[in-house]
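The values are calculated or read from the model by the stated rules, or taken from the named source; none is laboratory data. Just so it is clear, the structure is predicted and the values come from calculations on it, not from any experiment. FYI the Cβ positions are ideal-geometry reconstructions off the backbone, even for glycines, and counts take in every protein chain you see.
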Ligand code: RP5
(Lines give C-alpha, C1' and ligand atoms only; values in the text may rest on other atoms or scores of the structure.)
Protein backbone atom coordinates (compact mmCIF):
# COMPACT_ATOMS: atom_id res chain seq x y z
CA UNK A 1 0.00 0.00 0.00
CA UNK A 2 1.27 3.45 -0.88
CA UNK A 3 -1.15 5.62 1.07
CA UNK A 4 -2.47 5.16 4.58
CA UNK A 5 -5.89 6.66 5.15
CA UNK A 6 -6.54 6.83 8.88
CA UNK A 7 -9.18 8.52 10.96
CA UNK A 8 -10.01 8.99 14.60
CA UNK A 9 -13.40 7.29 14.57
CA UNK A 10 -15.74 5.28 12.38
CA UNK A 11 -17.89 8.43 12.46
CA UNK A 12 -15.23 10.13 10.29
CA UNK A 13 -15.71 7.63 7.46
CA UNK A 14 -18.53 9.59 5.78
CA UNK A 15 -15.98 12.33 5.15
CA UNK A 16 -12.83 10.24 4.75
CA UNK A 17 -14.44 7.91 2.21
CA UNK A 18 -14.03 10.79 -0.27
CA UNK A 19 -10.26 10.33 0.03
CA UNK A 20 -10.58 6.58 -0.48
CA UNK A 21 -12.84 7.05 -3.52
CA UNK A 22 -10.44 9.55 -5.08
CA UNK A 23 -7.41 7.33 -4.53
CA UNK A 24 -9.32 4.41 -6.04
CA UNK A 25 -10.28 6.58 -9.03
CA UNK A 26 -6.57 7.14 -9.71
CA UNK A 27 -5.66 3.50 -9.14
CA UNK A 28 -3.53 4.28 -6.10
CA UNK A 29 -3.18 1.46 -3.57
CA UNK A 30 -4.24 2.47 -0.10
CA UNK A 31 -5.19 1.02 3.26
CA UNK A 32 -7.83 2.45 5.55
CA UNK A 33 -8.40 2.06 9.27
CA UNK A 34 -9.47 3.77 12.46
CA UNK A 35 -6.55 4.93 14.60
CA UNK A 36 -7.58 7.09 17.52
CA UNK A 37 -5.05 9.39 19.18
CA UNK A 38 -7.00 9.23 22.42
CA UNK A 39 -8.76 5.85 22.42
CA UNK A 40 -5.94 3.76 20.89
CA UNK A 41 -2.72 5.68 21.61
CA UNK A 42 -0.51 2.56 21.46
CA UNK A 43 -1.84 1.73 18.01
CA UNK A 44 -1.15 5.31 16.91
CA UNK A 45 2.51 4.97 17.93
CA UNK A 46 2.88 1.60 16.23
CA UNK A 47 1.16 2.81 13.06
CA UNK A 48 3.27 5.94 12.74
CA UNK A 49 6.56 4.26 13.59
CA UNK A 50 6.11 1.35 11.18
CA UNK A 51 4.46 3.26 8.33
CA UNK A 52 7.60 3.80 6.27
CA UNK A 53 9.01 0.29 6.75
CA UNK A 54 5.63 -1.13 5.68
CA UNK A 55 5.94 0.75 2.38
CA UNK A 56 3.62 3.67 2.94
CA UNK A 57 4.71 6.87 1.18
CA UNK A 58 1.99 9.29 2.27
CA UNK A 59 -0.43 9.32 5.19
CA UNK A 60 -3.82 11.02 5.11
CA UNK A 61 -5.15 11.49 8.63
CA UNK A 62 -8.62 12.82 9.41
CA UNK A 63 -10.01 13.71 12.79
CA UNK A 64 -12.55 16.00 14.39
CA UNK A 65 -12.78 18.07 17.55
CA UNK A 66 -9.57 17.74 19.56
CA UNK A 67 -7.98 16.46 16.38
CA UNK A 68 -4.56 15.31 17.52
CA UNK A 69 -4.17 12.34 15.19
CA UNK A 70 -2.43 14.01 12.21
CA UNK A 71 0.01 15.96 14.36
CA UNK A 72 0.93 13.02 16.56
CA UNK A 73 1.49 10.84 13.50
CA UNK A 74 3.67 13.58 11.99
CA UNK A 75 5.69 13.68 15.21
CA UNK A 76 6.72 10.06 14.72
CA UNK A 77 7.34 9.79 10.97
CA UNK A 78 9.02 11.95 8.34
CA UNK A 79 6.58 10.74 5.69
CA UNK A 80 4.30 13.48 4.32
CA UNK A 81 1.20 13.71 6.53
CA UNK A 82 -1.91 15.36 5.12
CA UNK A 83 -4.46 16.37 7.73
CA UNK A 84 -8.19 16.49 7.13
CA UNK A 85 -10.18 18.49 9.69
CA UNK A 86 -13.53 16.72 10.04
CA UNK A 87 -16.52 18.95 10.65
CA UNK A 88 -17.53 18.65 14.30
CA UNK A 89 -21.00 18.99 15.74
CA UNK A 90 -20.31 21.64 18.39
CA UNK A 91 -17.99 24.01 16.52
CA UNK A 92 -18.53 23.13 12.86
CA UNK A 93 -14.95 21.93 12.42
CA UNK A 94 -13.17 25.12 13.42
CA UNK A 95 -11.82 23.21 16.44
CA UNK A 96 -10.65 20.39 14.14
CA UNK A 97 -9.01 22.83 11.73
CA UNK A 98 -7.10 24.72 14.38
CA UNK A 99 -6.06 21.53 16.18
CA UNK A 100 -4.53 20.22 12.96
CA UNK A 101 -3.12 23.30 11.28
CA UNK A 102 -1.30 24.98 14.17
CA UNK A 103 1.70 22.67 14.28
CA UNK A 104 5.00 23.79 15.76
CA UNK A 105 7.79 24.59 13.32
CA UNK A 106 9.68 21.45 12.34
CA UNK A 107 6.76 19.02 12.46
CA UNK A 108 4.52 19.86 9.50
CA UNK A 109 1.04 18.62 8.69
CA UNK A 110 -0.21 19.65 5.24
CA UNK A 111 -3.74 20.69 6.15
CA UNK A 112 -6.68 20.81 3.78
CA UNK A 113 -10.09 22.44 4.20
CA UNK A 114 -12.71 21.24 6.67
CA UNK A 115 -14.03 17.97 5.19
CA UNK A 116 -11.48 18.36 2.37
CA UNK A 117 -10.74 14.65 2.05
CA UNK A 118 -10.92 14.72 -1.75
CA UNK A 119 -8.18 17.34 -1.94
CA UNK A 120 -6.10 15.38 0.57
CA UNK A 121 -6.18 12.45 -1.82
CA UNK A 122 -5.30 14.71 -4.77
CA UNK A 123 -2.25 16.01 -2.89
CA UNK A 124 -1.23 12.42 -2.17
CA UNK A 125 -1.64 11.64 -5.87
CA UNK A 126 0.50 14.61 -6.88
CA UNK A 127 3.26 13.53 -4.45
CA UNK A 128 3.25 9.98 -5.79
CA UNK A 129 3.06 11.27 -9.38
CA UNK A 130 6.50 12.87 -9.00
CA UNK A 131 8.01 9.46 -9.60
CA UNK A 132 5.21 7.70 -11.46
CA UNK A 133 4.72 8.94 -15.02
CA UNK A 134 1.51 7.01 -15.65
CA UNK A 135 -0.05 8.46 -12.51
CA UNK A 136 1.18 11.93 -13.48
CA UNK A 137 -0.56 11.53 -16.85
CA UNK A 138 -3.81 10.53 -15.14
CA UNK A 139 -3.57 13.57 -12.88
CA UNK A 140 -2.99 15.86 -15.88
CA UNK A 141 -6.04 14.33 -17.61
CA UNK A 142 -8.15 14.82 -14.50
CA UNK A 143 -7.17 18.48 -14.28
CA UNK A 144 -7.71 19.08 -18.02
CA UNK A 145 -11.17 17.48 -17.91
CA UNK A 146 -12.11 19.54 -14.88
CA UNK A 147 -11.15 22.72 -16.74
CA UNK A 148 -12.98 21.58 -19.86
CA UNK A 149 -16.14 20.82 -17.87
CA UNK A 150 -16.17 24.34 -16.42
CA UNK A 151 -15.52 25.97 -19.80
CA UNK A 152 -18.40 24.14 -21.46
CA UNK A 153 -20.84 24.45 -18.58
CA UNK A 154 -24.21 25.90 -19.49
CA UNK A 155 -26.53 27.53 -16.99
C1 LIG B 1 -12.55 12.41 17.12
O2 LIG B 1 -13.72 12.70 17.77
C3 LIG B 1 -12.92 11.68 15.87
O4 LIG B 1 -11.96 11.96 14.88
C5 LIG B 1 -14.28 12.19 15.53
O6 LIG B 1 -14.24 13.17 14.52
C7 LIG B 1 -14.76 12.80 16.83
C8 LIG B 1 -16.00 12.13 17.35
O9 LIG B 1 -15.75 10.75 17.48
P10 LIG B 1 -16.94 9.77 17.92
O11 LIG B 1 -17.35 10.20 19.29
O12 LIG B 1 -18.04 9.94 16.90
O13 LIG B 1 -16.35 8.39 17.88
O14 LIG B 1 -11.72 11.60 17.89
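Here are some conditions: (1) within 25 Å of residue 91 (Cβ to Cβ); (2) touching a strand residue (DSSP E or B) at 6+ places or on another chain (Cβ under 9 Å). Residue 58 meets all but one. Which one does it not meet?
Result: residue 58 passes all but (1).
Inspect region 80-96 for any residue being assigned to a helix (DSSP H, G or I), under 30 Å from residue 55 (Cβ atoms) and either within 15 Å of the ligand (Cβ to nearest atom) or at pLDDT 95 or above (or both) and give the result as yes or no.
Within region 80-96, the subset assigned to a helix (DSSP H, G or I) is 94-96.
Going one step further and asking which of them are under 30 Å from residue 55 (Cβ atoms), we end up with 96.
Keeping just the survivors that are either within 15 Å of the ligand (Cβ to nearest atom) or at pLDDT 95 or above (or both) gives 96.
Yes: one or more hits.
How about region 25-47: which of its residues are more than 16 Å from the ligand (Cβ to nearest atom) and either closer than 17 Å to residue 127 by Cβ or buried (at least 17 other Cβ atoms within 10 Å of the Cβ) (or both)?
25, 26, 27, 28, 29, 30, 31 - these are the residues of region 25-47 that are more than 16 Å from the ligand (Cβ to nearest atom) and either closer than 17 Å to residue 127 by Cβ or buried (at least 17 other Cβ atoms within 10 Å of the Cβ) (or both).
Suppose we keep only residues that are more than 16 Å from residue 88 (Cα to Cα) and surrounded by fewer than 21 Cβ atoms within 10 Å (Cβ to Cβ) within region 3-21. Which one would you say is farthest from the ligand (Cβ to nearest atom)?
21
To keep it simple, each residue is scored yes or no on (1) assigned to a loop (DSSP other than H, G, I, E, B); (2) under 16 Å from residue 16 (Cα atoms); (3) modelled with pLDDT under 95.
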position: 73; (1), (2), (3): no, no, no
position: 108; (1), (2), (3): yes, no, no
position: 114; (1), (2), (3): yes, yes, no
position: 123; (1), (2), (3): no, yes, no
position: 128; (1), (2), (3): no, no, no
position: 137; (1), (2), (3): no, no, no
position: 141; (1), (2), (3): no, no, no
position: 149; (1), (2), (3): no, no, no
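Being within 15 Å of the ligand (Cβ to nearest atom) and in a loop (DSSP other than H, G, I, E, B) is the filter; apply it to region 54-71 and report the residue that is surrounded by the fewest Cβ atoms within 10 Å (Cβ to Cβ).
Among those residues, the one meeting the criterion is 66.
Only residues that are under 15 Å from the mean Cα position of the chain (by Cα) and surrounded by fewer than 20 Cβ atoms within 10 Å (Cβ to Cβ): list them for region 79-109, please.
79, 80, 87, 101, 108
What's the number of the only condition in (1) more than 16 Å from the ligand (Cβ to nearest atom); (2) crowded, with 17+ Cβ neighbours inside 10 Å; (3) touching a residue at least 40 places away in the same chain (Cβ under 8 Å) that residue 76 fails to meet?
So residue 76 meets the others, but not (3).
Would it be correct to say that residue 51 is under 16 Å from the mean Cα position of the chain (by Cα), crowded, with 20+ Cβ neighbours inside 10 Å, closer than 18 Å to residue 13 by Cα and at pLDDT 95 or above?
For residue 51, the condition - under 16 Å from the mean Cα position of the chain (by Cα), crowded, with 20+ Cβ neighbours inside 10 Å, closer than 18 Å to residue 13 by Cα and at pLDDT 95 or above - is not met.
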